[in-house]
Amino acid sequence: MKVFRGFSYNSPHDPCALAIGNFDGVHKGHMVLLARLREAADRLHLPATVLTFNPHPRQYFALKTGTMAHAPATITPLREKIQALSRCHIDQVMIARFNNTTAGLSSEEFIEKILVKALNVKWLIIGENFRFGKGRTGTTDELKKAGERYGFHVEVLPAVKDENGRISSSCIRKALEESDFETVATLLGKPYAISGHVVHGDKIGRNLGFPTANVPIRHYNPILSGVFITRVHGLSENPLPSVSMIGVRPTIESNRHMMLETHILDFDRSCYGSLIQVEFLKKLRDNQKFPDLETLTAAIQNDVNIARSYFAKHKTPVKN
């Protein structure tokens, strides 16, 4: 799969079949849309292309106005989104930087400059709630009329539903906020996980007797925060039982950067630089500030004990 970061209005790509969306999570609803894109692209002998935006437009406006509390939390960082799109057999992904220029395009300018001149779209699919252009004034009806003028077909996909209703990124965010990982896995079609390369930390966890594999959290507004029972993929043939913390380590003032810190049970091997995937199973507690390192150590030991019991109950072998 080819990935393009940005595009030129004056140097159009070859004709394509296109889907537009944020695709946060690349959930089951997105998969239906992407399968329809793949089908049409094969029939028309065109590359199946996805146009997405970074950052999420609502995150951009929240940053601009200083109201990040109103921004949607991120389900899937950009790198993982790209990987998920690749697994959906997409040929190319166009990542448009959402900035003042993009935000200022009228709906007609969006169609003419991006869809027609830059991407040379011949077949287009969007969800029924898709809006575009300055002030989100562009509608699916406007796209259909533009398609008649410029010579591209427009298909609007109705909302995809399961037995509980519409499948959406908003539903997944709500389930993640509630640490309902079973519902999240149902909506995503797979367990929820965060991946990244292990970096060097300050070794405080190791000094406390609980060495951690540390992964920076660099995307906007992550949903999860706290301590969780997890499993680590990528370091062994089978997933490794673990306990993970997402946050800024409130007891240790030296670190104010969001981190995913994972203590792998009964694991004593260097994994710096390794790409790991941390799968979330159950929330243990919120992050909290302890009065001293001794109390923090006791809390971590309790977390580990609970995790061992969990894995024993769920038939995941760990040492005692």
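Write out, first by first residue and then by second, each pair whose Cβ atoms fall under 8 Å of each other, whose residues are 6+ apart or on separate chains, and whose first residue, in the stretch 171-193, is charged (D, E, K, R) while the second is assigned to a loop (DSSP other than H, G, I, E, B). As it stands, the answer is R173/P72; R173/A73; R173/I75; R173/I223; E177/A73; E177/I223, since those pairs meet every condition given. The residue that is farthest from R5 (Cα to Cα), among those in the stretch 109-121 that are of a type outside the set (V, I, T) and crowded, with 19+ Cβ neighbours inside 10 Å, is F110. Identify all residues within the stretch 64-108 that are polar (S, T, N, Q), open to solvent by 50 Å² or more (accessible area, probe 1.4 Å), over 14 Å from V50 (Cα atoms) and assigned to a helix (DSSP H, G or I); write none if there are none. Of everything in the stretch 64-108, those that are polar (S, T, N, Q), open to solvent by 50 Å² or more (accessible area, probe 1.4 Å), over 14 Å from V50 (Cα atoms) and assigned to a helix (DSSP H, G or I) turn out to be T65, N100, T101. For the stretch 163-176, check the following and say yes or no: at least one residue is farther than 15 Å from G21 by Cα and hydroxyl-bearing (S, T, Y). Checked against the condition, which is being farther than 15 Å from G21 by Cα and hydroxyl-bearing (S, T, Y), the stretch 163-176 yields no hits at all.
Being more than 30 Å from I276 (Cα to Cα), modelled with pLDDT of 95 or more and open to solvent by less than 80 Å² (accessible area, probe 1.4 Å) is true for just one of G133, G151. Which residue is that? Walk me through how you get there before you give the answer.
Numbers: G133 fails: modelled with pLDDT of 95 or more.
Just one listed residue meets the conditions, G151.
Restricting attention to the stretch 270-298, the residues that are without any contact (Cβ under 8 Å) to a residue 60 or more places away in the chain, over 30 Å from the mean Cα position of the chain (by Cα) and not in a loop (DSSP other than H, G, I, E, B) add up to 3.
If the condition is being buried (at least 17 other Cβ atoms within 10 Å of the Cβ), closer than 23 Å to I82 by Cβ and over 13 Å from the mean Cα position of the chain (by Cα), then the stretch 186-201 contributes L187, V198.
Table: residues versus (1) surrounded by fewer than 17 Cβ atoms within 10 Å (Cβ to Cβ); (2) of a type in the set (G, A, S); (3) at negative phi; (4) at pLDDT below 95.
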{"site": "L18", "(1), (2), (3), (4)": "no, no, yes, no"}
{"site": "N22", "(1), (2), (3), (4)": "no, no, yes, yes"}
{"site": "G25", "(1), (2), (3), (4)": "no, yes, no, yes"}
{"site": "A41", "(1), (2), (3), (4)": "no, yes, yes, no"}
{"site": "L46", "(1), (2), (3), (4)": "no, no, yes, no"}
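Within the option set L265, L281, L260, L275, being in contact with a Leu (Cβ under 8 Å, 6 or more places away or on another chain) and modelled with pLDDT of 85 or more holds for one residue only, L265. Among residues of the stretch 160-197 being assigned to a loop (DSSP other than H, G, I, E, B) and at pLDDT below 90, the one that is nearest to T74 (Cα to Cα) is N164. Take the conditions (1) over 19 Å from T212 (Cα atoms); (2) of a type outside the set (D, E, K, R); (3) free of Cβ contacts under 8 Å to residues at least 12 places away in the same chain; N302 misses just one of them, which is (1).
The values are calculated or read from the model by the stated rules, or taken from the named source; none is laboratory data. Note that the structure is a prediction, hence the values are computed from the model and not measured. Positions of Cβ are backbone-derived with ideal geometry, glycine not excepted, and every protein chain shown enters the neighbour counts. For the accessible areas, the whole protein counts, side chains as well, though only heavy atoms, and no ligand, DNA or RNA atoms are used. Shrake-Rupley method; radii C 1.70, N 1.55, O 1.52, S 1.80 Å.
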